[in-house]
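S.K.: Following this message is one structure expressed as structure tokens.
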Amino acid sequence: MTISLLTRLGAASVAFAFLQGVAWAEIRTKTFDYKDGDAVLEGFVAYDTAKAGKRPGVLIFPQWTGTSDHERDVARKLAKLGYVAMVADVYGKGIRPPAPKESLAEMLKYMKNRPLLRSRAKAAFDRIKTETNVDAGKLAAIGYCFGGAGALESARQGLDLKVVVTLHGSLSNPTPDDARNIKGKVLVLHGADDPNVGPKEVDDFKAEMKAAGTDLTFVAYSQTVHSFTLTDAGSDNSKGSAYNARSAMRAWEAMRDELDETFGH
């Protein structure tokens, strides 16, 4: 047997021994029912089975059509980064209204009734804490479009969230003094040309955060409108909503960095 063959066999043995000690990552998901009062909600959770022990949990609040493949894919991506990610259900099990007319009507039920939106957010917050692999002291919330309001209303009611992230999210608040209840950091990732969340809403939000002494980071991406992370939003900025691959990538990296900084990943 030649020396080179022995060398190769030795390297293969070392590699095999190393791989025996490696836990292969597997992203596991599950769908489940939970409740807010009498309302039945449907959650979705994703986590990496190769991770041991408890880890930070991230709530994901969906855009105006409710839970979709977009939010489930985000949950899987966050699971790969070492988080337990749960997609919250605001509307209720089976209520997934198509855009724009039906989804707008459903969304307005909650935008005009912030106590109800907060109640749905609290139900999701309470549910993620029951996951056995979640560190209940290390929770975050993120939200897309309408989901941005869900994430912010979670924090405005004083839930123990270490960080909240909105992506092209609604920023309006009929009770701005409630921002004083926010316990953690806030990161807003915004389209600079977003007609749905315009300059006045942005200015009012920043004033709200400043008055409350909130740790706010606000990022506005140029040449970017509403729904910029949603691939099915088209590519025509003149319609007010459009996917922007560059801004979507930058927003994902900014969110990941914020979560990693907060939880020490």
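The values are calculated or read from the model by the stated rules, or taken from the named source; none is laboratory data. Given the structure is predicted, the values throughout are model-derived calculations rather than measurements. Neighbour counts run over all protein chains shown; Cβ positions are idealised from the backbone, glycine included.
S.K.: Name the residues in the stretch 154-182 that are over 22 Å from residue 229 (Cβ atoms) and part of a helix (DSSP H, G or I), would you?
M.R.: 156, 176, 177, 178, 179, 180, 181 - these are the residues of the stretch 154-182 that are over 22 Å from residue 229 (Cβ atoms) and part of a helix (DSSP H, G or I).
S.K.: Look at residue 134 and say whether it is farther than 26 Å from residue 242 by Cβ, touching a helix residue (DSSP H, G or I) at 6+ places or on another chain (Cβ under 7 Å) and surrounded by fewer than 24 Cβ atoms within 10 Å (Cβ to Cβ).
M.R.: Yes, satisfied.
S.K.: Here is a further query. Yes or no: residue 93 touching a residue at least 40 places away in the same chain (Cβ under 8 Å) and in a loop (DSSP other than H, G, I, E, B)?
M.R.: Judged against the criteria, residue 93 is a match.
S.K.: Just one of 99, 121 is in contact (Cβ under 8 Å) with a residue 60 or more places away in the chain and farther than 18 Å from residue 30 by Cα; which is it?
M.R.: On inspection, the qualifying residue turns out to be 121.
S.K.: Going through 33, 73 one at a time, which residue ends up being in a helix (DSSP H, G or I), modelled with pLDDT of 95 or more and loosely packed, with under 14 Cβ neighbours inside 10 Å?
M.R.: 73
S.K.: So which of 136, 151 is aliphatic (A, V, I, L, M), assigned to a helix (DSSP H, G or I), closer than 19 Å to residue 78 by Cα and modelled with pLDDT of 95 or more?
M.R.: Unique residue meeting the criteria: 151.
S.K.: Continuing with the same structure: Out of the stretch 165-207, which residues are among the charged types (D, E, K, R) and in contact with a Ser or Thr (Cβ under 8 Å, 6 or more places away or on another chain)?
M.R.: Passing the criteria: 185, 193, 194, 201, 204.
S.K.: Of the residues that make up the stretch 153-161, is at least one in contact with a Gly (Cβ under 9 Å, 6 or more places away or on another chain) and either among the hydrophobic types (A, V, I, L, M, F, W, C) or within 25 Å of residue 246 (Cα to Cα) (or both)?
M.R.: Checking the stretch 153-161: at least one residue is in contact with a Gly (Cβ under 9 Å, 6 or more places away or on another chain) and either among the hydrophobic types (A, V, I, L, M, F, W, C) or within 25 Å of residue 246 (Cα to Cα) (or both).
S.K.: Still on this structure, please answer the following. If I filter the stretch 144-158 for residues that are surrounded by fewer than 22 Cβ atoms within 10 Å (Cβ to Cβ) and of a type in the set (S, T, N, Q), do I get at least one hit?
M.R.: Looking through the stretch 144-158, at least one residue is surrounded by fewer than 22 Cβ atoms within 10 Å (Cβ to Cβ) and of a type in the set (S, T, N, Q).
Conditions tested, residue by residue: (1) more than 20 Å from residue 44 (Cα to Cα); (2) hydrophobic (A, V, I, L, M, F, W, C).
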| position | (1), (2) |
| --- | --- |
| 81 | no, yes |
| 99 | yes, yes |
| 112 | yes, no |
| 119 | no, no |
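S.K.: What number of residues within the stretch 172-193 satisfy the criterion of being surrounded by fewer than 23 Cβ atoms within 10 Å (Cβ to Cβ) and either without any contact (Cβ under 8 Å) to a residue 60 or more places away in the chain or under 20 Å from residue 248 (Cβ atoms) (or both)?
M.R.: Summing the residues that are surrounded by fewer than 23 Cβ atoms within 10 Å (Cβ to Cβ) and either without any contact (Cβ under 8 Å) to a residue 60 or more places away in the chain or under 20 Å from residue 248 (Cβ atoms) (or both) in the stretch 172-193 gives 10.
S.K.: While we're on this one: Yes or no: residue 203 surrounded by fewer than 20 Cβ atoms within 10 Å (Cβ to Cβ) and not in a loop (DSSP other than H, G, I, E, B)?
M.R.: yes
S.K.: Suppose we filter the stretch 46-59 for residues that are touching a residue at least 60 places away in the same chain (Cβ under 8 Å) and surrounded by fewer than 23 Cβ atoms within 10 Å (Cβ to Cβ); how many remain?
M.R.: Residues that pass the stated criteria total 4.
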